[in-house]
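Take a look at the structure set out below.
What follows draws every value from the coordinates through simple rules; no lab data is involved. Keep in mind it's a predicted model, so treat the numbers as computed, not measured. With ideal geometry, Cβ positions are generated from the backbone for all residues, glycine too; neighbour counts draw on all protein chains shown.
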Ligand code: NDP
């Protein structure tokens, strides 16, 4: 047995991760359900082939790994993970470790962690897509701390490194904590993408800017406070042209967004936690609306498209996006705090911001500042950390201007608008839920609390 670790599932992510592990000097035994994939993978692993040990049965895989063994699963989330654990269990010793590195729903990871499996088990969120897996992903681990510590030398070696050299691989807490943090990451990813798409839409439809001009604007923003992977790739996709005809690539892509459901999980979980994350929820909703192509066309035929124009200066758009981003992350981190309390996880907010700084899809320079702000003020909402309170004050008028003007002209900015609405509600010391309470008491005799503290079991509503 020569391998330091095993890996099952040589699809997009698994094969990239296996090459990354081998490249960092760790011999890795690999297995894939379809054996031909394993053979092809080994043949194509080039100079890393000597550190890749191909196996064609689970028995051979297990025999190839040094005990106590660690085996990463990179198969589709759900039943395939349970099937693999079941198939492996009789072949493994109790101290061997199975690591589910797919996009599991954290409830499944909680279930597996509590199921008294005959082997050790970790749930690990991996972000960064294929390129991240190959050259350095962001890794969010959950499960038993000692199990994490045992394999962390490999995980920190393969993880992305932040600018200050820190590896983006962190143990988040017990059970499904890692997969939970990954889910929120994905929710934020949906929201970041949606807010960029909204500003793109305004530039395209409200300002009639061509894709190449939009590319320039994104490229410019990528040099400033919005510097991030998603702004960078948005510039690149806006600059690309269609090889079959030469038009801007963006102009020939159907406006129907796909989704694997992880943003939806985050939104559903937020509802269970009573944690308001309206920017993320709006992003999920926007993907769902995008899927209703025929219905949208029908409604446009009946009511007409949004009237143009809606011209807004570029720095105002940039500042609106900055404000939207701060509000989105403030909501995401607050959701993580709520989960931390509910599940007893002590999720480390500054560490989470740090682990997202490199390797993952939402990596951005602003996350450096968020990590700092959350270190200084771990128990307060991000927007109350002085550095972000100031930035928000500075950028909020731009967000309000953009949302108001776009809305007046019928250009939808659901995620950006929800950021603003959340802020306006949160800054309202006396809201309108007194009306809700009175209504509830009227029809349901639920009672209510009074401002003066007197007890009022029921209001004087008459019959
Ligand atoms: P792929 O579809 O590329 O690969 C899936 C792999 O799992 C293949 O090796 C396949 O084997 C194997 N597999 C499928 N079903 C079973 C099963 N029932 N039993 C055993 N093996 C099975 O998927 P990805 O690599 O994209 O994704 C893997 C995991 O990583 C998923 O959970 C995904 O959500 C997650 N993930 C993906 C990211 C991405 O950007 N693609 C990013 C982060 C996480 P075979 O060759 O036999 O079909």
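Worth pointing out:
- Residue exposure sequence - 367, 91 - by fewest surrounding Cβ within 10 Å: 91, 367
- By other beta-carbon atoms within 10 Å, ranking 411, 244, 446, 179 with the fewest at the front produces 244, 446, 411, 179.
- Helix axis angle, 12-23 relative to the chain longest principal axis, alpha carbon, degrees: 60
- Overall form of region 323-403 per C-alpha gyration tensor (a/c, 1.5; a/b vs b/c): prolate
- Spin-label pair residue 95-residue 342: with each label point 7 Å from Cα along the Cα-Cβ axis, the two points sit 3.8 nm from one another.
- Degrees between helix 433-444 axis and first principal axis of the chain (Cα, 0 to 90, nearest 10): 90
- Of 452, 147, the sequence from fewest to most neighbouring Cβ atoms within 10 angstrom is 452, 147.
- Secondary structure note: in the chain, about 30% of the DSSP beta bridges are antiparallel.
- Each helix, a run of at least 4 DSSP H residues, gives -39500 (n - 2.57); summed and divided by the residues of the chain, these come to -17000 deg cm²/dmol at 222 nm.
- Taking the chain and dividing mean pair separation by its residue count, relative contact order in percent (alpha carbons under 8 Å, at least six apart): 13
- The stretch between residue 208 and residue 404 holds 68.7 nm of extra length on full extension. This uses 0.36 nm per residue minus the Cα-Cα distance.
- FRET E, pair residue 449, residue 376, Förster distance 45 Å, beta-carbon r, rounded to 0.05: 0.85
- Spin-label pair residue 144/residue 313, simplified geometry with 7 Å Cα→Cβ offset, distance in nm: 6.1
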